[in-house]
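J.: Take a look at this one; I'll ask things after.
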Amino acid sequence: MIVVTGATGQLGRLVIAALLKKTAATNIVAAVRNVEKAQGLAALGVHVRHADYSQPASWDAALHGADKVLLISSSEIGQRTQQHRSVIDAAKRAGIKLLAYTSVLHADTSVLGLAAEHRETEALLRASGVPFALLRNGWYTENYAAGIPTALALGAVYGCAGDGRISSATRADYAEAAAVVLTTNNQAGNVYELAGDNAYTLSEFAAEISRQAGRAIGYVNLPEAEYKKALLGAGLPEFLAELLANSDTGVSKGALFDEGQQLSTLIGRPTTTLATAVAAAL
Ligand SMILES: NC(=O)c1ccc[n+]([C@@H]2O[C@H](COP(=O)([O-])OP(=O)(O)OC[C@H]3O[C@@H](n4cnc5c(N)ncnc54)[C@H](OP(=O)(O)O)[C@@H]3O)[C@@H](O)[C@H]2O)c1
């Protein structure tokens, strides 16, 4: 039995869909904090169990009878290490054979502010004795594609990523990779640096929007503080504006670039192109 945490999230739902192509629904447990939100998953025949990262005691029942766990990193930034610890401790008590964790690309050396909690979680895993695999996911292409309506409204893509190259892939690509790892033997100890096949800069991203939308959209590179101010001005909360601006600066230093092609190797097909993702968003 395979437990997927964060199963009502955008990645979690895609992982369940990918797993359903490889194993019976009765072998899959969706661990969710909001059971109401998981009605669609239950309708697929998947077991739905309540578990909250912030309620350590909820995880023993959630992992009961499971062999493998996909720990999808929490979205509650700042609380994540402690939250992930609850799942790892329960996995140890349950004798889980493989825990796969969605970390961040090059977590061990990453300059991204958000990498700290991933490094801490990886250290917890190493110390736990639970057999684990690391799915070090790069950026979702959707992170930028979601900004296309704003770019069209403003006539430009704004950021502070300079000429940094981004090897992003879609959530569906990463989800498929997770499903492969969860249904393939001998995964313990594997560390995957997962990223898209074809890297691009934000200027190239803007050019792709221009090409497909038939309108001139440029890229405006701002100093990090200015970009953060612009995000705050657009109504983003302080922590998110800080995180996005910091991440863009990380991009400018190559933090989200990778050319190892481990993701396409794992899923047995090329990763989704930027052009396809932009077309879908448009
Ligand atoms: N690689 C990237 O570019 C990138 C970008 C953004 C985020 N991420 C990371 O990747 C993860 C998955 O991405 P995503 O797009 O699927 O994010 P998402 O749609 O926000 O999903 C996050 C999931 O975590 C669950 N969750 C949050 N707090 C929880 C708690 N206390 N207990 C139990 N579950 C909790 C949410 O539950 P609800 O459904 O009940 O809200 C949701 O199912 C994120 O959480 C984040 O750590 C990566």
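J.: Check V111, V87, V35, V69 and return the single one that is hydrophobic (A, V, I, L, M, F, W, C), in contact (Cβ under 8 Å) with a residue 40 or more places away in the chain and surrounded by fewer than 16 Cβ atoms within 10 Å (Cβ to Cβ). Show your work before the answer.
T.: On the way: V87 fails: surrounded by fewer than 16 Cβ atoms within 10 Å (Cβ to Cβ); V35 fails: in contact (Cβ under 8 Å) with a residue 40 or more places away in the chain; V69 fails: surrounded by fewer than 16 Cβ atoms within 10 Å (Cβ to Cβ).
Checking each option against the conditions leaves just V111.
J.: Kindly indicate whether any position in the range 131-143 is surrounded by fewer than 20 Cβ atoms within 10 Å (Cβ to Cβ), within 11 Å of the ligand (Cβ to nearest atom) and in contact (Cβ under 8 Å) with a residue 60 or more places away in the chain.
T.: Here is the first cut: in the range 131-143, the ones surrounded by fewer than 20 Cβ atoms within 10 Å (Cβ to Cβ) are 131, 142-143.
Checking the rest, the ones that are also within 11 Å of the ligand (Cβ to nearest atom) come to 142-143.
Checking which are in contact (Cβ under 8 Å) with a residue 60 or more places away in the chain leaves us with 142.
Yes.
J.: Still on this structure, I have one more. If you check V29, V15, which single one turns out to be of a type in the set (A, V, I, L, M), closer than 21 Å to D67 by Cβ and assigned to a strand (DSSP E or B)? Break it down stepwise before answering.
T.: Values: V15 fails: assigned to a strand (DSSP E or B).
One residue alone meets the criteria, V29.
J.: Here is a check on your reading of the model: is Y158 out of contact with any Pro (no Cβ under 8 Å at 6 or more places or on another chain) and under 30 Å from I16 (Cβ atoms)? Before the answer, list the steps.
T.: Numbers: out of contact with any Pro (no Cβ under 8 Å at 6 or more places or on another chain): yes; under 30 Å from I16 (Cβ atoms): no.
So Y158 fails the test.
J.: May I ask you to say which residue of S54, S74 is within 12 Å of the ligand (Cβ to nearest atom), at pLDDT 95 or above and surrounded by 17 or more Cβ atoms within 10 Å (Cβ to Cβ)? Steps first, please.
T.: Details: S54 fails: surrounded by 17 or more Cβ atoms within 10 Å (Cβ to Cβ).
The conditions single out S74.
J.: Quickly run through the range 43-83 and pick out the residues that are aliphatic (A, V, I, L, M), under 25 Å from L20 (Cβ atoms) and not in a loop (DSSP other than H, G, I, E, B).
T.: Taking the range 43-83 and keeping what is aliphatic (A, V, I, L, M), we get 43-44, 46, 48, 51, 57, 61-63, 66, 69-72, 77.
Among the residues that remain, those that are also under 25 Å from L20 (Cβ atoms) are: 43-44, 46, 48, 51, 61-63, 66, 69-72.
Within the range 43-83, A43, V48, A61, A62, V69, L70, L71 qualify.
J.: Exactly one of (1) under 23 Å from L274 (Cβ atoms); (2) within 15 Å of the ligand (Cβ to nearest atom) is unmet by E204. Its number?
T.: Every condition holds for E204 apart from (2).
J.: Look at G40 and say whether it is closer than 25 Å to Y140 by Cβ, within 13 Å of the ligand (Cβ to nearest atom) and either loosely packed, with under 15 Cβ neighbours inside 10 Å or free of Cβ contacts under 8 Å to residues at least 40 places away in the same chain (or both).
T.: Details: closer than 25 Å to Y140 by Cβ: yes; within 13 Å of the ligand (Cβ to nearest atom): yes; either loosely packed, with under 15 Cβ neighbours inside 10 Å or free of Cβ contacts under 8 Å to residues at least 40 places away in the same chain (or both): yes.
Yes.
J.: Quickly run through the range 233-250 and pick out the residues that are under 16 Å from V157 (Cα atoms) and surrounded by fewer than 16 Cβ atoms within 10 Å (Cβ to Cβ).
T.: Kept after step one, since they are under 16 Å from V157 (Cα atoms), are these residues of the range 233-250: 233-234, 241, 244-245, 247-249.
Residues satisfying the conditions are G233, A234.
The values are calculated or read from the model by the stated rules, or taken from the named source; none is laboratory data. Here the structure is a predicted model, which is why all the values come from computation and not from measurement. Counting neighbours? That spans all protein chains shown, and the Cβs are built from the backbone with ideal geometry, glycine included.
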